[in-house]
Amino acid sequence: MDVAVTRTKRRRPSPLGWFGRRVLARIDRGIVEGAILTSLPGGEPMRLGGRAPGPEAIVILRSWWSLWRLATGGSAGWYEAWAAGEWESPDPVALFELFTRNRRTLAPAGRAQGLGRWLRRQWHRARRNDRAGALRNIHEHYDLGNDFYALWLDPGMTYSSAVFAAPGQDLTAAQDTKLAAMLARTGCGTGNRILEIGCGWGSFAETAARAGVGVHGITLSTDQRAFAEARMARLGLDSVTIDLIDYRDVGDTYDGIVSIEMVEAVGEEYWPDYLAAIARALKPGGRAAIQYIAIDDAIFDGYARNVDFIQRYVFPGGMLLSESRFRAIAERHGLAWQDRHAFGLDYAETLRRWRVAFDAAVAEGLLPARFDRYFIDLWRYYLMYCEGGFRGGAIDVAQVTLVKAR
């Protein structure tokens, strides 16, 4: 696809323009697969990469400040430049896919540097997930209102990756496939009791209860708890209880445990606490089914030293897993790592479906009036950013079974 540009006579670059061209040269050297077709401020066309097949992204740079923000603020700075109108693209997903496809060579270009990195790290440290911090962080993301999430999630209100049995499968059916797979991993049946760490709006609890399994769901979200309790009451599923409890404070033991994309809200500092809590709560021989999002181990250290767009603007206190490190901690707590199954492209499709539904809700004016244009644009960017990450392979979603020795 051609980039529409207005050709102008080359002028001596400003200091900011000189800096921006250096950033672009670094990006060009880092693109191993795919290409970026860009027009610079003033209209000059430029092609970056193009050495091997891969995603082709179109980026229109409206201001050199966008590249300054990228260099000093990483992915969070790049979002800030987009929100300020300093760059645009007809398909940002392709750009995010390209960056993540080339993650090992482009990672330095997408990380904050200098004072900007230090300041963002101080902010992130203040959002650590001790008991008070975890409660605050969960509230900021999950208590935006059940009415908001209901507009673009599937009718079952499942806010995690589906598992698609075939292309084009209905999202609700694909979510049901995922929930059934997680229940099967626990080996639990009629008369057993499961602890669900991070029970969301109750979709897994409903699945398990319909199979005769008792569920103790825990969450820190008051909105989710209210929704899940009303859901169980409406369906007459009295084998489910939902409590506002931190995972560190669980005292009972259970036949099985399920935790679906909750561990990303724990933080690396607290992975040992999370896995110790699972080991304590499982009966001997019990099985824990975990669905988690991990980032490529090859770039984990750089990721952990920075604060990315999602940590800054969407999930305060969030942290993707290093699978190798998380697994090692699990095994030190006597939890055998079994049956890992990854399905990252299914998450990309889930995110695409969510974005289509989100856009439709926005177009129809259905979002609650409390959400302004800034919020709407932020969330659309978030859905595109995540989709590109899964398509490019820098992040992956997987299920694993942790088995406690008898």
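The values are calculated or read from the model by the stated rules, or taken from the named source; none is laboratory data. Here the structure is a predicted model, which is why all the values come from computation and not from measurement. Cβ sites come from the backbone with ideal geometry, for glycine too, and all protein chains shown count toward neighbours. The accessibility values were calculated without ligands, DNA or RNA, using every heavy atom of the protein model including side chains. Shrake-Rupley method; radii C 1.70, N 1.55, O 1.52, S 1.80 Å.
Is region 329-348 home to any residue that is of a type in the set (S, T, N, Q), touching a strand residue (DSSP E or B) at 6+ places or on another chain (Cβ under 8 Å) and modelled with pLDDT of 95 or more?
Yes: region 329-348 contains one or more residues that are of a type in the set (S, T, N, Q), touching a strand residue (DSSP E or B) at 6+ places or on another chain (Cβ under 8 Å) and modelled with pLDDT of 95 or more.
Looking at (1) modelled with pLDDT under 95; (2) within 23 Å of Ala94 (Cβ to Cβ), which one does Gly318 not meet, given that it meets all the others?
Tallying (1) modelled with pLDDT under 95; (2) within 23 Å of Ala94 (Cβ to Cβ), Gly318 fails exactly one: (2).
Return the residues of region 134-185 that are in contact with a Lys or Arg (Cβ under 9 Å, 6 or more places away or on another chain) and basic (Lys, Arg); say none if nothing qualifies.
Once the filter is applied, which keeps residues that are in contact with a Lys or Arg (Cβ under 9 Å, 6 or more places away or on another chain) and basic (Lys, Arg), region 134-185 yields Arg136, Arg185.
Condition check: under 18 Å from Val314 (Cβ atoms), surrounded by 15 or more Cβ atoms within 10 Å (Cβ to Cβ) and in contact (Cβ under 8 Å) with a residue 40 or more places away in the chain. Does Tyr374 satisfy that?
No: the conditions fail for Tyr374.
Could you grab me the full set of residues in region 218-239 that are of a type in the set (Ser, Thr, Tyr), under 22 Å from the mean Cα position of the chain (by Cα) and either buried (at least 19 other Cβ atoms within 10 Å of the Cβ) or not in a helix (DSSP H, G or I) (or both)?
Passing the criteria: Thr219, Ser221.
Evaluate region 78-94: report whether one residue or more is at pLDDT below 95, of a type in the set (Ser, Thr, Tyr) and open to solvent by 10 Å² or more (accessible area, probe 1.4 Å).
no
Using the structure shown, decide if Tyr254 is within 18 Å of Val215 (Cβ to Cβ) and buried (at least 20 other Cβ atoms within 10 Å of the Cβ).
Against the criterion (within 18 Å of Val215 (Cβ to Cβ) and buried (at least 20 other Cβ atoms within 10 Å of the Cβ)), Tyr254 qualifies.
Residues checked against (1) more than 23 Å from Gln311 (Cβ to Cβ); (2) touching a residue at least 24 places away in the same chain (Cβ under 8 Å):
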site	(1), (2)
Met46	yes, no
Pro53	yes, no
Ile60	yes, yes
Trp78	no, yes
Arg104	no, yes
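Look through Leu367, Leu351, Leu345 and report the one residue that is in contact (Cβ under 8 Å) with a residue 12 or more places away in the chain, part of a helix (DSSP H, G or I), over 30 Å from Ala405 (Cα atoms) and open to solvent by less than 60 Å² (accessible area, probe 1.4 Å).
Exactly one of Leu367, Leu351, Leu345 is in contact (Cβ under 8 Å) with a residue 12 or more places away in the chain, part of a helix (DSSP H, G or I), over 30 Å from Ala405 (Cα atoms) and open to solvent by less than 60 Å² (accessible area, probe 1.4 Å), namely Leu351.
Just to verify a result, which residue in region 36-73, among those that are farther than 19 Å from Glu97 by Cα and charged (D, E, K, R), is surrounded by the most Cβ atoms within 10 Å (Cβ to Cβ)?
Selected residue: Arg69.
Does region 398-406 contain any residue that is at pLDDT 95 or above, aliphatic (A, V, I, L, M) and buried (at least 21 other Cβ atoms within 10 Å of the Cβ)?
Within region 398-406, one or more residues are at pLDDT 95 or above, aliphatic (A, V, I, L, M) and buried (at least 21 other Cβ atoms within 10 Å of the Cβ).
Go through region 32-69 residue by residue and tally those that are assigned to a strand (DSSP E or B) and either at pLDDT below 95 or polar (S, T, N, Q) (or both).
2
Tell me, which residue of region 174-197 that is open to solvent by 30 Å² or more (accessible area, probe 1.4 Å) and outside any helix (DSSP H, G or I) is nearest to Asp339 (Cα to Cα)?
Selected residue: Gly187.
Based on this model, can you work out whether Glu206 counts as part of a strand (DSSP E or B) and either out of contact with any Gly (no Cβ under 6 Å at 6 or more places or on another chain) or surrounded by 15 or more Cβ atoms within 10 Å (Cβ to Cβ) (or both)?
Values: part of a strand (DSSP E or B): no; either out of contact with any Gly (no Cβ under 6 Å at 6 or more places or on another chain) or surrounded by 15 or more Cβ atoms within 10 Å (Cβ to Cβ) (or both): yes.
No, not satisfied.
What number of residues within region 262-276 satisfy the criterion of being open to solvent by 10 Å² or more (accessible area, probe 1.4 Å), part of a helix (DSSP H, G or I) and of a type in the set (A, V, I, L, M, F, W, C)?
Qualifying residue count for the region: 2.
If the Cβ limit is 8 Å and pairs must be 6+ apart or interchain, which residue in region 158-185 that is more than 17 Å from Val215 (Cβ to Cβ) and modelled with pLDDT of 95 or more pairs with which residue that is of a type in the set (Phe, Trp, Tyr) and open to solvent by 20 Å² or more (accessible area, probe 1.4 Å)?
Ala174/Phe164; Thr177/Phe164
Could you grab me the full set of residues in region 286-326 that are hydroxyl-bearing (Ser, Thr, Tyr) and open to solvent by 20 Å² or more (accessible area, probe 1.4 Å)?
Here is the first cut: in region 286-326, the residues hydroxyl-bearing (Ser, Thr, Tyr) are 292, 303, 313, 322, 324.
Those that are hydroxyl-bearing (Ser, Thr, Tyr) and open to solvent by 20 Å² or more (accessible area, probe 1.4 Å): Tyr313, Ser324.
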